[in-house]
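Enquirer: What follows is a single structure, and I will ask about it in a moment.
The values are calculated or read from the model by the stated rules, or taken from the named source; none is laboratory data. It should be emphasised that the depicted structure is a prediction, and the values quoted were computed from it without experimental measurement. For neighbour counting, all protein chains shown are included, and Cβ atoms are generated from backbone atoms with ideal geometry for every residue, glycine included. Each accessible area value is taken on the protein alone, full model and side chains, heavy atoms only, with ligands, DNA and RNA left out. Shrake-Rupley method; radii C 1.70, N 1.55, O 1.52, S 1.80 Å.
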Amino acid sequence: MPRAYNFCAGPATLPEEVLREAQSELLDWQGTGMSVMEISHRSSAFVAVARQAEADLRELLAIPEHYKVLFLQGGAYGQFSMVPLNLLGGKGKADYLDTGLWSQKAIAEARRYGQVNVAASGRDAGYTTIPEPAEWHLDPDAAYLHYTPNETIGGLEFSYIPASGEVPLVADMSSTILSRPVAVSRYGLIYAGAQKNIGPSGLVVVIVREDLLERASPITPSAFSYALQAEHGSMLNTPPTFAWYLAGLVFRWLKRQGGLAAMAERNRRKAELLYSAIDGSGGFYRNPIDPRYRSWMNVPFTLPNETLEQRFLAEAEAAGLKNLAGHRSVGGLRASLYNAMPEAGVRALVEFMADFARRQ
Ligand code: PMP
């Protein structure tokens, strides 16, 4: 069976080249007669894989020296707790921007640990746009400002980095990391669940400025302490070794593609192709997001009614265009166009969309 075009929001499609590479060495990794999953994380062979993955990620994102890169577990959801536990410090309060479902979940978790100031919310606009920065109520004494650069469910993406002054900026980059270059030095901390643009689920990557490592609450579990994990090279306990190895293969693949500037160009073209198809459909397909903040990675859209949406999904599935249903909380349809989705997949989708609209 040929590879399907998989538009799932996560766990998401991975580069075919990477999957073949992993397959080819699954049973006998580097002539050891064992798979990489079956060796100690403390063996020199695995430590070399881990360090190379970190070096490649540092190169791709041009991460400055004074940032630590951690490979942890607990997903991005775990970071909703780890961030306040580690960063609230003596201040005990933080600012959050509420731009959709994932920021709301981050806010709900942070409230368990300290005082949360929702500095701005897109709620009144149905989360279809981002409130203007002039209207934000930022607290200059906040421990940090948290935001979600790309709302995976809403398909709403910041086109700029929020200005937080001296307050460290914290970003949940789960669904946008590695889709384009990013100025890491503008951030105090970046985290991202792996299962979209990095690798398989089970791994979360954290990039944290060193001076923020000393603020953890004394009740922070050791496994969830940035400082302890940094001190132990993310091996305080057993890390998700296979996910880490596979992430390393993805980083190498990204370098072969020309790095993040090349990915940005490709991702921009893919998104433009799909949004043009939606906007040019005479209202048959609709995307509700303010055009300034349309996501390159997750494109939600609706059809005139649910019956047509169900028919669309069934026919798309049969045509090898998989996982186009919207998130269960919002319905409709959604196409995720992460790095590993080839342009040919997006072209196949827009051709299918045009044909489907014509036939109705
Ligand atoms: N934040 C964002 C922006 C996400 O898209 C997701 C998962 N879709 C999460 C957090 C939660 O991630 P995880 O399931 O890895 O905990």
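Enquirer: Of the conditions (1) surrounded by 19 or more Cβ atoms within 10 Å (Cβ to Cβ); (2) within 29 Å of Gly332 (Cα to Cα); (3) within 16 Å of the ligand (Cβ to nearest atom), Ala120 satisfies every one except a single condition; which number is it?
Expert: The one condition Ala120 does not meet is (3).
Enquirer: Restricting region 29-69 to residues that are in contact (Cβ under 8 Å) with a residue 40 or more places away in the chain, of a type outside the set (A, V, I, L, M, F, W, C) and buried (at least 18 other Cβ atoms within 10 Å of the Cβ), which is nearest to Leu178 (Cα to Cα)?
Expert: Here the answer is Asp56.
Enquirer: Suppose we filter Ile198, Ile289, Ile207 for residues that are in contact (Cβ under 8 Å) with a residue 12 or more places away in the chain, over 20 Å from Pro64 (Cα atoms) and β-branched (Val, Ile, Thr); which single one remains? It would help to see each step written out before you state the result.
Expert: Values: Ile198 fails: over 20 Å from Pro64 (Cα atoms); Ile207 fails: over 20 Å from Pro64 (Cα atoms).
From the options Ile198, Ile289, Ile207, the qualifying one is Ile289.
Enquirer: Take the residues of region 130-161 that are under 27 Å from Ile198 (Cα atoms) and more than 16 Å from the ligand (Cβ to nearest atom): which is most open to solvent (accessible area, probe 1.4 Å)?
Expert: The selected residue is Ser159.
Enquirer: From the list Gly89, Gly114, which residue is open to solvent by less than 50 Å² (accessible area, probe 1.4 Å) and touching a Gly at 6+ places or on another chain (Cβ under 6 Å)?
Expert: Step by step, each of Gly89, Gly114 is checked, and only Gly114 is open to solvent by less than 50 Å² (accessible area, probe 1.4 Å) and touching a Gly at 6+ places or on another chain (Cβ under 6 Å).
Enquirer: Now for a separate question. Going residue by residue through region 305-319, is there one that turns out to be in contact with a Gly (Cβ under 8 Å, 6 or more places away or on another chain) and exposed (fewer than 13 other Cβ atoms within 10 Å of the Cβ)? It would help to see each step written out before you state the result.
Expert: Initially, region 305-319 is screened for residues in contact with a Gly (Cβ under 8 Å, 6 or more places away or on another chain), giving 306, 309.
Those still in the list that are exposed (fewer than 13 other Cβ atoms within 10 Å of the Cβ) too: 306.
Looking for residues that are in contact with a Gly (Cβ under 8 Å, 6 or more places away or on another chain) and exposed (fewer than 13 other Cβ atoms within 10 Å of the Cβ), one finds at least one in region 305-319, hence yes.
Enquirer: Which pairs turn up if I take residues in region 89-117 that are more than 22 Å from Leu212 (Cα to Cα) and look for partners that are of a type in the set (Val, Ile, Thr) and open to solvent by 40 Å² or more (accessible area, probe 1.4 Å) with beta carbon separation below 9 Å, at least 6 apart in sequence or on another chain?
Expert: From region 89-117, the pairs are Asp98/Val118; Leu101/Val330.
Enquirer: (1) surrounded by fewer than 18 Cβ atoms within 10 Å (Cβ to Cβ); (2) away from the ligand (no atom under 16 Å from the Cβ): which one isn't true of Pro168, the others all being true?
Expert: (1) is the only condition that Pro168 fails.
Enquirer: List every residue pair whose Cβ atoms sit under 6 Å apart, with the two residues 6 or more apart in sequence or on different chains, where the first one lies in region 155-182 and is over 22 Å from Asp290 (Cβ atoms) and part of a loop (DSSP other than H, G, I, E, B) and the second, anywhere, is aromatic (Phe, Trp, Tyr) and open to solvent by less than 40 Å² (accessible area, probe 1.4 Å).
Expert: As it stands, the answer is Pro168/Tyr144, since those pairs meet every condition given.
Enquirer: Hey, another quick one. I need a count of the residues in region 235-258 that are outside any helix (DSSP H, G or I) and in contact with a helix residue (DSSP H, G or I) (Cβ under 7 Å, 6 or more places away or on another chain).
Expert: Qualifying residue count for the region: 3.
Enquirer: Tally up the residues in region 182-215 that are small (Gly, Ala, Ser) and buried (at least 21 other Cβ atoms within 10 Å of the Cβ), please.
Expert: Taking region 182-215 first, the residues small (Gly, Ala, Ser) are 183, 185, 188, 192-194, 199, 201-202.
From what's left, buried (at least 21 other Cβ atoms within 10 Å of the Cβ): 188, 192-194, 199.
Adding up the residues that qualify gives 5.
Enquirer: Looking at Phe80 and the list (1) within 16 Å of the ligand (Cβ to nearest atom); (2) farther than 17 Å from Leu213 by Cα; (3) among the aromatic types (Phe, Trp, Tyr), which single condition is not satisfied?
Expert: (2)
Enquirer: Separate question: How many of the residues making up region 17-28 are surrounded by 15 or more Cβ atoms within 10 Å (Cβ to Cβ) and either within 16 Å of the ligand (Cβ to nearest atom) or in a loop (DSSP other than H, G, I, E, B) (or both)?
Expert: 1
Enquirer: Filter region 309-346 for residues that are within 25 Å of the chain's Cα centre (by Cα) and of a type in the set (Phe, Trp, Tyr) and give the result.
Expert: Tyr338
Enquirer: Right, here's the next one. If only one of Asn287, Asn323 is open to solvent by 70 Å² or more (accessible area, probe 1.4 Å), at pLDDT 95 or above and in contact with a Phe, Trp or Tyr (Cβ under 6 Å, 6 or more places away or on another chain), which one is it?
Expert: On inspection, the qualifying residue turns out to be Asn323.
Enquirer: Scan region 1-16 for residues that are more than 16 Å from the ligand (Cβ to nearest atom) and either aliphatic (A, V, I, L, M) or open to solvent by 30 Å² or more (accessible area, probe 1.4 Å) (or both) and report the count.
Expert: Here the count works out to 6.
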